[in-house]
Amino acid sequence: MGEIRVALAGIGSCASSLVQAAEFVRLGSGAMNGIMYEHIGAYRVSDMRFVAAFDVDRRKVGLDLAKAIVAPPVAAEIHVDVEPSGVSVEVGPLLDGVDGNLVDVIEPDPSSLETTVDDVAARLAVVEADVLVCLLPTGATQAVQAYARAAVQAGVAFINATPERVVHDPEIAAAFVSAGVPLLGDDLRSHLGATTLHTALIELLKSRGLTVANTYQLNVGGNTDFLNLADPKRAAGKMRTKRSALHTAGIDASSVSAGPNGFVEYLGDDKTCFIRIEATSVLDSNLVLDVRMQVEDSPNAAGVLVNAVRVAKVAAEQGHVGSVDEVCAFLFKNPRVGAQESVGLRKFREYVDAAARN
Ligand SMILES: NC(=O)c1ccc[n+]([C@@H]2O[C@H](COP(=O)([O-])OP(=O)(O)OC[C@H]3O[C@@H](n4cnc5c(N)ncnc54)[C@H](O)[C@@H]3O)[C@@H](O)[C@H]2O)c1
């Protein structure tokens with residue numbers, strides 16, 4: 001069987017859950033709750049092999065990946081003990097990675113100030129990475145785009161899990177096309193998260209002819225993503241991508257409150273979302289829907305990442321260059337070409353079914 005050589009940028013809570021998910025499947029029978037496909041193309045979740053890891057936190061740089069994914073301030077719960085990987089966390093370019101509230105919890109390694117895009121690209125080439133997964137903090141536009149440029153330089157497929165513009169940056173998106181490598185983004189949807197639930201409910205109401213009059217989506221949590229997003233400057237991208245997803249679902253979302261709404265430290269990786277939809281139905285009768293959903297935030301991201309990584313590898317094998325629009329509407333909040341929940345799912349399934357036939 002083949003393997004997928006995965007490099008990670010940002011060894012925080014999502015990276016922790018992704019690495020744990022791969023180990024969970026490797027140690028078990030191959031099955032795991034929440035996995036939509038045992039195989040995508042020729043690849044199982046356990047075929048992901050982590051070959052490089054970049055961070056800037058001096059407490060993580062130099063550690064084996066297995067240790068770094070449980071080092072503070074990672075908030076993801078430990079569901080499985082990961083064996084030492086033999087891969088040490090390397091320093092990446094700091095740029096705007098640590099700002100706002102993160103200054104209190106992340107201490108950048110001094111060498112991160114000198115590390116360049118060329119250094120990252122060279123390392124990706126040495127380890128023969130297939131896919132680079134970008135899991136940097138929201139708001140780190142320069143740093144996210146630096147890793148995207150390194151992926152272009154090294155000819156490595158890129159997954160932008162953050163809301164920062166990569167698929168939506170015309171120059172960078174064009175560079176992926178010229179380099180002949182796939183690009184997936186922007187801003188990962190969670191597997192069954194607030195955006196997915198919210199857009200699916202809107203689609204349901206609209207399919208019955210109801211009109212959505214008002215709606216909101218409030219989210220609270222206690223991991224470093226929420227700490228970072230408590231700074232309005234850093235949260236701007238997340239608000240934009242959440243509204244974009246609601247807009248694609250078919251409502252005017254320009255003034256909808258949908259975003260991170262509070263850092264509550266003791267919640268750790270538990271995230272709670274509150275969704276309200278007020279709609280009008282037959283004879284202008286009222287319908288009010290209130291939903292509260294609690295999830296572990298980071299495994300919820302890993303559920304999508306195990307699909308995105310395998311699709312990126314399959315797309316590269318099939319010579320797909322630039323944004324993989326067929327799957328991004330399902331996997332991301334702000335893809336280049338958005339689609340309603342049901343349409344995004346259908347296109348994703350068609351892509352995976354076609355990969356199984358090739
Ligand atoms: N369910 C989810 O958790 C979810 C869903 C969708 C999108 N996302 C997005 O995924 C991203 C990662 O989320 P997370 O919870 O893992 O965040 P996190 O804060 O736990 O991890 C971010 C990591 O990036 C590191 N970092 C900062 N600057 C860096 C740089 N220049 N180079 C390398 N590493 C750097 C930090 O030290 C930290 O380890 C965020 O942008 C988040 O919004 C998360």
Filtering the stretch 331-347 down to residues that are open to solvent by less than 40 Å² (accessible area, probe 1.4 Å) and part of a helix (DSSP H, G or I) yields Leu331, Glu341, Gly344
Taking the stretch 1-51 and keeping only residues that are within 16 Å of the ligand (Cβ to nearest atom) and assigned to a helix (DSSP H, G or I), one is left with Ser13, Cys14, Ala15, Ser16, Ser17, Leu18, Val19, Gln20, Ala21, Ala22
Looking only at residues in the stretch 302-325 that are within 14 Å of the ligand (Cβ to nearest atom) and not aliphatic (A, V, I, L, M), which one is farthest from Ala7 (Cα to Cα)? Gly303
Looking for something open to solvent by 20 Å² or more (accessible area, probe 1.4 Å), in contact with a helix residue (DSSP H, G or I) (Cβ under 7 Å, 6 or more places away or on another chain) and in the same structural domain as Val131 (by TED's automatic domain parsing) - is there at least one such residue anywhere in the stretch 303-315? no
Evaluate the stretch 154-167: report whether one residue or more is among the aliphatic types (A, V, I, L, M), open to solvent by 50 Å² or more (accessible area, probe 1.4 Å) and away from the ligand (no atom under 14 Å from the Cβ). no
Number of the condition not met by Pro335 [criteria: (1) outside the structural domain of Val177 (by TED's automatic domain parsing); (2) of a type outside the set (D, E, K, R); (3) under 26 Å from Gly155 (Cα atoms)]: (1)
Within the stretch 95-140, how many residues turn out to be open to solvent by 50 Å² or more (accessible area, probe 1.4 Å) and within 30 Å of Val314 (Cα to Cα)? 8
So in the stretch 177-223, with the set limited to residues that are closer than 30 Å to Val133 by Cβ and β-branched (Val, Ile, Thr), which one is surrounded by the fewest Cβ atoms within 10 Å (Cβ to Cβ)? Val177
Looking only at the stretch 71-94, how many residues end up being farther than 25 Å from Leu124 by Cβ and open to solvent by less than 70 Å² (accessible area, probe 1.4 Å)? 3
Does Ala66 satisfy being within 16 Å of the ligand (Cβ to nearest atom), assigned to a loop (DSSP other than H, G, I, E, B), open to solvent by less than 20 Å² (accessible area, probe 1.4 Å) and among the small types (Gly, Ala, Ser)? no
Filter the stretch 52-62 down to the residues that are crowded, with 23+ Cβ neighbours inside 10 Å and part of a loop (DSSP other than H, G, I, E, B) and list them by number. Val56, Lys60
Has the stretch 257-270 got at least one residue that is within 13 Å of the ligand (Cβ to nearest atom), aromatic (Phe, Trp, Tyr) and either surrounded by fewer than 22 Cβ atoms within 10 Å (Cβ to Cβ) or over 22 Å from Val343 (Cβ atoms) (or both)? yes
List the residue pairs whose Cβ atoms are under 6 Å apart, where the first residue sits in the stretch 76-94 and is free of Cβ contacts under 8 Å to residues at least 12 places away in the same chain and farther than 18 Å from Leu27 by Cα, the second is small (Gly, Ala, Ser) and more than 15 Å from the ligand (Cβ to nearest atom), and the two are 6 or more positions apart or on different chains. none
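The values are calculated or read from the model by the stated rules, or taken from the named source; none is laboratory data. Just so you know, these numbers come straight off a predicted model, no measurement behind them. Reconstructed Cβ throughout: ideal geometry from the backbone, glycine too, with neighbour counts over all protein chains shown. Just so you know, the surface numbers come from the protein's heavy atoms only, side chains and all, with ligands and any DNA or RNA stripped out. Shrake-Rupley method; radii C 1.70, N 1.55, O 1.52, S 1.80 Å.
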